[in-house]
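Here the structure is laid out as structure tokens; the discussion comes afterwards.
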């Protein structure tokens, strides 16, 4: 439903919107579909969103830092459904082993020409206390 609207975008527009290339997006969807089939081989209620839409929801969460409430409302999910869907997508992609980032020890042993990603999330800082004069 939502993904269908993005299919007409150029490669650069798609990456600009989602943060990943179309090829990477398609690879992620394949991994998610395989895991979904394994999880639901004994049956279960089908999801009302396509796998592409769940992945888009997750990428939107990562890229824009929107709340689960806002994302869920956009996709017709409740806040808790959005949370569960996003956490499932995250866990599935991490457990696949394809999208893991090497650990700290591995980064120290990398070649000088290796690419390193840096997490720039906001974190509180402690300011020094002013001295009483």
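One line per residue, one yes/no per condition, for (1) in contact with a strand residue (DSSP E or B) (Cβ under 7 Å, 6 or more places away or on another chain); (2) assigned to a helix (DSSP H, G or I); (3) at pLDDT below 80; (4) over 27 Å from residue 18 (Cβ atoms):
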| residue | (1), (2), (3), (4) |
| --- | --- |
| 49 | no, no, no, no |
| 52 | no, yes, no, no |
| 107 | no, yes, yes, no |
| 111 | no, no, yes, yes |
| 117 | no, no, yes, no |
| 132 | no, no, yes, yes |
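Of all residues in segment 82-98, those being in contact (Cβ under 8 Å) with a residue 40 or more places away in the chain and either surrounded by 15 or more Cβ atoms within 10 Å (Cβ to Cβ) or under 11 Å from residue 54 (Cα atoms) (or both) number 4. Among the residues of segment 68-82, is any part of a loop (DSSP other than H, G, I, E, B) and closer than 25 Å to residue 21 by Cβ? No, segment 68-82 contains no residue that is part of a loop (DSSP other than H, G, I, E, B) and closer than 25 Å to residue 21 by Cβ. Hey, among the residues in segment 7-40 that are loosely packed, with under 11 Cβ neighbours inside 10 Å and not in a helix (DSSP H, G or I), which one's modelled with the highest pLDDT? Per the stated criteria, the residue is 10.
The values are calculated or read from the model by the stated rules, or taken from the named source; none is laboratory data. Fair warning: this is a prediction, and the values are worked out from it, not measured in the lab. Backbone-built Cβ (ideal geometry, glycine too); neighbour counts: all protein chains shown.
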